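The values are calculated or read from the model by the stated rules, or taken from the named source; none is laboratory data. Here the structure is a predicted model, which means the values were calculated and not measured. Cβ atoms come from the backbone with ideal geometry, glycine included; neighbour counts cover every protein chain shown.
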Amino acid sequence: MEEITYLEAIRQALWEEMDQDERVFLLGEDIGAYGGAFKITKGFLEKFGEERVIDTPLAESGFVGAAIGAALMGMRPVVEMQFADFISCAFDQIVNMAAKHHYRLREPVPMVIRAPYGGRLHAGPFHSQCPEAWFVHSPGLKVVAPSTPYDAKGLLKASIRDPNPVIYCEHKYLYRHAKGEVPSGEYVLPLGEAEVKRQGSDITLITYGAMVQQGLEAADQMSAQGIEVELVDLRTLYPLDTETILASVKKTGKTLIVHEAPQVCGIGAEIAAVIAQEAFRHLDAPVMRLTAPHTPVPFSSPLEDFYLPNAAKIASKLKDLASY
Amino acid sequence: MSVGTEDLLKFYYYLLLTRGLEDRVAKLYRQGRILGGCYVGSGEEAISVGSACALESRDVIAPSHRDLGAHLVKGVQPKEYMAQYLGRRTGLTRGKDGNVHFGDLSRHIIGFISPMADGIPVAAGAALAFKIRREPRIAVAYFGDGASSRGDFHEGLNLAAVLTLPIVFICHNNQYAYSVPLSRQMAVPHVADRAKAYGFPTRIIDGNDVLAVYEATREAAVRARSGGGPTFIECETMRMRGHAEHDDASYVPRELLEEWRRKDPIQRFERTLREREVPEESMRAVQVRVLKEIEDAVDFAEKSPLPDAHEALEGVFAT
Ligand SMILES: Cc1ncc(C[n+]2csc(CCOP(=O)(O)OP(=O)(O)O)c2C)c(N)n1
Ligand SMILES: [Mg+2]
């Protein structure tokens, strides 16, 4: 086992998949000589050459459409959005062409769009968004959002091997703020499986992405007060692992769902509905949510701090729930 | 058309103010005193200043991220710009957004957003409103060479052409889009070659000559205002620094930068001022005024309050 960053885990997954499968190639802005805005593909051009590491013109709809076409011809394109915020420029190609193709024609579209997302970097409304729910709402797309280097690597490899279009949401804050061990050998993690990152019997905390770290910190604070929190890291947002969610909720009877995206029609709304339908008789308290408010992501520090959930805010919600 | 001394000094003032403010912000960035990223238009000031100075006060601009000069000409105050960078409540977005992402319709500026080229069809829409209401106003859209690869660029240009809208398109062709050189952005030598397809006049001019930009924009504005429809002006220039201040631009050949450094728009304009016998004292007075305004702006911004946390919830909807 080796301790690496989340960024390095993503880099390794891409490298290994390109190395062993010549159908895999990369498309995106500034990913070649420059190595990508976050330096994920540094050294890839030298190793894999210009035909497999393609610097595109500034045209998201164009290069996502091209990825779809190449996927239909049997390639395995991995697209890098420079920031997840610009994925909306390719929205039509993703939700109409990629997402619906297999349903209509039974022909697979094996491709990945990597979307560097999320806040806490003072990057304002256009470089901080969490667009995952847009895509969960579009039948035909899988959506992945890992929280640790181990998950990031195993899930990216699985996403590349999956025969469907996958939106792979990689949290920018975690790039350098999440470190962890990954096995030195080859491994792949299945899509669609949540993981209990911490066992507990009193409250279930369901979250994903950068909020997992914050949730674990909050859970430790609660533990010191005698309240044991079970943290379910979703890892994949579609398909949703309702089995793991429900098993935990049935055990604890109390649930807090946390996400960095705005609340209205977010992932949390879907999870709360599933719990209400499937575990109603097991509930000891209303299902609670802690999310960003229904506003764009603000820039200035006091505003962004207010906007984003964090360990302290999670702990405070957990306390309310414990005493319900 | 002859430009008098007063106008020349006005151009000089805005050129120096733009350069000075951006240099100051870049320095604050290096000192870790601003939030987030830092974008400057060093070496491209003549495009923004020359074009904006050619407009009537009620003409509307949709600037991009290297157009501080046009904002200033339209009346944005240096202190508002600094406050924006420092995330203060006194910035034009009250701390909601940062750096060059601001605007103000009361000063006829359509606020810039990050996705490249989004402002182009929006500027066309402003021009459409003027046309419908028969107002003698025009719109100006600014963008880079990279932005011209996006669909919104092509859709905006075509719409403006078909509807004969009073609009001028101004392209900063600074040879790069982040790390991507022009030759990898398009397979034609000029951005104007793309615009030609839409059926209105295009021009390619020296973007480092403020007078050339001014003249070209004036001509295009006359045409637009008199019902002649759009004009496309490609201003040739060079991005003299990194894409943003975090980027050392090591992918740009040094000789290319050296070549363009010799064409610096401000030094060139200073030579023009001397040739036209603008008094040295007048030039010095502008320099002194600019320095003072910049320091006052930093001072103002640093003394301005940050927004209160709950202000995050304000303003999502109009009332
Ligand atoms: C739609 C979109 N994709 C990607 C980006 C990231 N990005 C910001 S500026 C830029 C390059 C823009 O190049 P150009 O239009 O030539 O303007 P310049 O920066 O050279 O002035 C890129 C890729 C963006 N802002 N918008
Ligand atoms: Mg450019």
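So which residues in the stretch A:153-172 are in a loop (DSSP other than H, G, I, E, B) and buried (at least 24 other Cβ atoms within 10 Å of the Cβ), if there are any at all?
As a first pass, look at the stretch A:153-172 and keep what is in a loop (DSSP other than H, G, I, E, B): A:162-164.
Of everything in the stretch A:153-172, nothing turns out to be in a loop (DSSP other than H, G, I, E, B) and buried (at least 24 other Cβ atoms within 10 Å of the Cβ).
Condition check: within 16 Å of ligand 1 (Cβ to nearest atom) and out of contact with any helix residue (DSSP H, G or I) (no Cβ under 8 Å at 6 or more places or on another chain). Does A:A84 satisfy that?
In short, yes.
Here are some residues: A:G36, A:G43. Which one is under 21 Å from B:P181 (Cβ atoms) and either of a type in the set (S, T, N, Q) or within 16 Å of ligand 1 (Cβ to nearest atom) (or both)?
Among A:G36, A:G43, only A:G36 is under 21 Å from B:P181 (Cβ atoms) and either of a type in the set (S, T, N, Q) or within 16 Å of ligand 1 (Cβ to nearest atom) (or both).
Give me a count of the residues in the stretch B:129-149 that are in contact (Cβ under 8 Å) with a residue 12 or more places away in the chain and part of a helix (DSSP H, G or I).
Matching residues across the stretch B:129-149 total 6.
Mind counting the residues in the stretch A:261-314 that are closer than 18 Å to A:F126 by Cα and away from chain B (no Cβ under 14 Å)?
Within the stretch A:261-314, residues that are closer than 18 Å to A:F126 by Cα and away from chain B (no Cβ under 14 Å) number 1.
Kindly evaluate A:V232 against the criterion of being within 14 Å of chain B (Cβ to nearest Cβ) and not in a helix (DSSP H, G or I).
no
Report, by residue number, each residue of the stretch B:56-90 that is within 14 Å of chain A (Cβ to nearest Cβ) and either free of Cβ contacts under 8 Å to residues at least 24 places away in the same chain or in a helix (DSSP H, G or I) (or both).
Passing the criteria: B:M82, B:A83, B:Q84, B:Y85.
Could you list all residues from the stretch B:23-66 that are surrounded by fewer than 24 Cβ atoms within 10 Å (Cβ to Cβ) and closer than 18 Å to B:L291 by Cβ?
B:D23, B:R24, B:A26, B:K27, B:L28, B:S42
Can you tell me which residues in the stretch A:50-78 are aliphatic (A, V, I, L, M) and away from ligand 1 (no atom under 15 Å from the Cβ)?
A:V53, A:A66, A:A67, A:I68, A:A70, A:A71, A:L72, A:M73, A:M75, A:V78
Please find, within the stretch B:91-119, the residue that is surrounded by the fewest Cβ atoms within 10 Å (Cβ to Cβ) out of those that are assigned to a helix (DSSP H, G or I) and away from chain A (no Cβ under 14 Å).
B:S106
Sort out which residues of the stretch B:150-164 are surrounded by fewer than 24 Cβ atoms within 10 Å (Cβ to Cβ), assigned to a helix (DSSP H, G or I) and of a type outside the set (V, I, T), and write them in order of number.
Of everything in the stretch B:150-164, those that are surrounded by fewer than 24 Cβ atoms within 10 Å (Cβ to Cβ), assigned to a helix (DSSP H, G or I) and of a type outside the set (V, I, T) turn out to be B:G151, B:D152, B:H154, B:E155, B:N158, B:L159, B:A161.
Test B:S148 against the criterion of being out of contact with any Phe, Trp or Tyr (no Cβ under 9 Å at 6 or more places or on another chain), within 14 Å of chain A (Cβ to nearest Cβ) and within 16 Å of ligand 2 (Cβ to nearest atom), and give yes or no.
It is true that B:S148 is out of contact with any Phe, Trp or Tyr (no Cβ under 9 Å at 6 or more places or on another chain), within 14 Å of chain A (Cβ to nearest Cβ) and within 16 Å of ligand 2 (Cβ to nearest atom).
Among the residues of the stretch B:21-50, write down those that are in contact with a Lys or Arg (Cβ under 9 Å, 6 or more places away or on another chain) and of a type in the set (S, T, Y).
Listed by number, the residues that qualify are B:Y39, B:S42, B:S48.
Looking at (1) within 13 Å of ligand 1 (Cβ to nearest atom); (2) within 19 Å of the chain's Cα centre (by Cα), which is the one condition that is false for B:R218?
(1)
For the structure I just gave you, tell me whether B:L21 is within 13 Å of the chain's Cα centre (by Cα) and not in a loop (DSSP other than H, G, I, E, B).
Spelling it out, it is not the case that B:L21 is within 13 Å of the chain's Cα centre (by Cα) and not in a loop (DSSP other than H, G, I, E, B).
Can you tell me which residues in the stretch A:118-141 are buried (at least 23 other Cβ atoms within 10 Å of the Cβ) and away from chain B (no Cβ under 14 Å)? Let's see the steps before the verdict.
Narrowing the stretch A:118-141 to residues buried (at least 23 other Cβ atoms within 10 Å of the Cβ): A:118-119, A:123-124, A:127-130, A:132, A:135.
The answer is A:G118, A:C130, A:E132, A:F135.
Go through A:Y175, A:Y187 for me and flag whichever is touching a residue at least 24 places away in the same chain (Cβ under 8 Å), outside any strand (DSSP E or B) and in the same structural domain as A:V24 (by TED's automatic domain parsing). Walk me through it before giving the result.
Details: A:Y187 fails: in the same structural domain as A:V24 (by TED's automatic domain parsing).
Result: A:Y175 is the single residue among A:Y175, A:Y187 that is touching a residue at least 24 places away in the same chain (Cβ under 8 Å), outside any strand (DSSP E or B) and in the same structural domain as A:V24 (by TED's automatic domain parsing).
Specify which of the listed residues (B:A285, B:A244) is at pLDDT 95 or above, under 30 Å from B:A126 (Cα atoms) and either away from chain A (no Cβ under 12 Å) or not in a helix (DSSP H, G or I) (or both).
Exactly one residue qualifies, and that residue is B:A244.
Of all residues in the stretch B:151-169, which are out of contact with any helix residue (DSSP H, G or I) (no Cβ under 7 Å at 6 or more places or on another chain) and within 14 Å of ligand 1 (Cβ to nearest atom)?
Selection gives B:H154 alone.
Kindly evaluate B:I113 against the criterion of being hydrophobic (A, V, I, L, M, F, W, C) and away from ligand 1 (no atom under 16 Å from the Cβ).
Answer is no for this residue.
Cβ contacts < 8 Å: first residue within 14 Å of another protein chain (Cβ to nearest Cβ), restricted to the stretch A:56-80; second residue of a type in the set (F, W, Y), any location; separation 6+ or different chain. Result?
A:T56/A:F63; A:P57/A:F63; A:E60/A:F86
Which residues, counting only those in the stretch B:165-199, are among the basic types (K, R) and either part of a loop (DSSP other than H, G, I, E, B) or more than 15 Å from ligand 2 (Cβ to nearest atom) (or both)? Full working, then the answer.
If we filter the stretch B:165-199 for residues that are among the basic types (K, R), which is where we start, we get B:184, B:194, B:196.
Selection gives B:K196 alone.
What tally of residues in the stretch A:97-139 results from selecting those that are assigned to a loop (DSSP other than H, G, I, E, B), in contact (Cβ under 8 Å) with a residue 60 or more places away in the chain and over 25 Å from A:L26 (Cβ atoms)?
So the answer is 6.
What is the one condition in (1) closer than 30 Å to B:R134 by Cβ; (2) in contact with a Leu (Cβ under 9 Å, 6 or more places away or on another chain) that B:D118 does not satisfy?
So B:D118 meets the others, but not (2).
Which one is nearest to ligand 1 (Cβ to nearest atom), of the residues in the stretch B:176-211 that are touching a residue at least 60 places away in the same chain (Cβ under 8 Å), away from chain A (no Cβ under 14 Å) and not charged (D, E, K, R)?
Ranking the qualifying residues of the stretch B:176-211, first place goes to B:G207.
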